[in-house]
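As structure tokens, the structure follows; a few thoughts come after it.
The values are calculated or read from the model by the stated rules, or taken from the named source; none is laboratory data. Here the structure is a predicted model, which means the values were calculated and not measured. Here the Cβ positions follow ideal geometry from the backbone for every residue, glycine too, while neighbour counts run over all protein chains shown. Ligands, DNA and RNA are stripped out before the accessible areas are found, and what is left, the full protein with its side chains, is counted by its heavy atoms. Shrake-Rupley method; radii C 1.70, N 1.55, O 1.52, S 1.80 Å.
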Amino acid sequence: MTGLLTIVGLGPSDPRWLTPAASEALACATDLVGYGPYVDRVPERADQRRHSSDNRVELDRARFALDLAAKGARVAVVSGGDPGVFAMAAAVFEAVESGDPEWRSLDIRVEPGITAMLGAAARVGAPLGGDFCAMSLSDNLKPWEIVEARLRAALTADFVVALYNPISSARPWQLGAAFKIATETRGPDTPIILARAVMRPDERIAIMPLSKVEASMADMSTLVIIGATTTRLIDRGEDISPYVYTPRFYGVPR
Ligand code: SAH
């Protein structure tokens, strides 16, 4: 098969956070496939076909893209942030595994992007400087019992925890439940970072103690970071946001 399918990470949105390799993959594509707002981020070109779709149909979109590539197209499937983090790359490989055996001989590449967690961390300092883990709080694709067990385990093990998909109108209570679990395992002063729309014009970042945070402060464009017991704030005075960092040294002599 001669077609090519590249799953391209667009980063958090600002084109300066798009890698040159991802730009190249977009430039040589004959077809763009993706959720509408992501496709809209790529400047239009007369010689490139655009196939926008709804966000809920990941597997169908993956099959559509594979089919195009199998017919010889050079397809770029676009995804926000990194395509391998709670996004399209896994959907494409799932479609390959369960789909037309011929798809296995296609050239499928993944072009990484800056994921929301890294963008958010960079905005406030170095909260991911120690050990951390990332979770999707969505229970659309896995049962809530698993989300809760993993979150509890991560907090108990004292990881910094980054929460993707924290809340939406269809999932209004899960973030509150997550904060409650955090309260059972972490102190009230534990720093919480709410990083909304990182690197977009409407970016808003808040740092507050666990005792003051409320689920209503986040929306579906927010990445939540729960600090570990070692995560620290460097105070910079009243009107300016503190730096947040997690030291790399932990329990060893220096
Ligand atoms: N593949 C994406 C994540 C998709 S899951 C990535 O690597 O970033 C969607 C979730 O990502 C959102 O609910 C939100 O929690 C987070 N997210 C995506 N873009 C973001 C941004 N610019 N700022 C803050 N969070 C973002």
Segment 89-126: number of residues that are touching a residue at least 24 places away in the same chain (Cβ under 8 Å) and under 11 Å from the mean Cα position of the chain (by Cα): 7
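Return yes or no: is residue 9 surrounded by 13 or more Cβ atoms within 10 Å (Cβ to Cβ), more than 16 Å from the ligand (Cβ to nearest atom), touching a residue at least 60 places away in the same chain (Cβ under 8 Å) and within 25 Å of residue 104 (Cβ to Cβ)?
no
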Hits in segment 208-254 (condition: free of Cβ contacts under 8 Å to residues at least 60 places away in the same chain, within 16 Å of the ligand (Cβ to nearest atom) and closer than 25 Å to residue 85 by Cβ): 213, 215, 217, 218, 219, 220, 221, 222
Residue list for segment 177-228, restricted to those being outside any loop (DSSP other than H, G, I, E, B), farther than 28 Å from residue 11 by Cα and not hydroxyl-bearing (Ser, Thr, Tyr): 177, 180, 181, 182, 184, 209
Extreme residue, most open to solvent (accessible area, probe 1.4 Å), among residues of segment 185-202 that are more than 21 Å from the chain's Cα centre (by Cα) and in contact (Cβ under 8 Å) with a residue 24 or more places away in the chain: 185
Which numbered condition residue 53 fails, given (1) at pLDDT below 95; (2) open to solvent by less than 20 Å² (accessible area, probe 1.4 Å): (2)
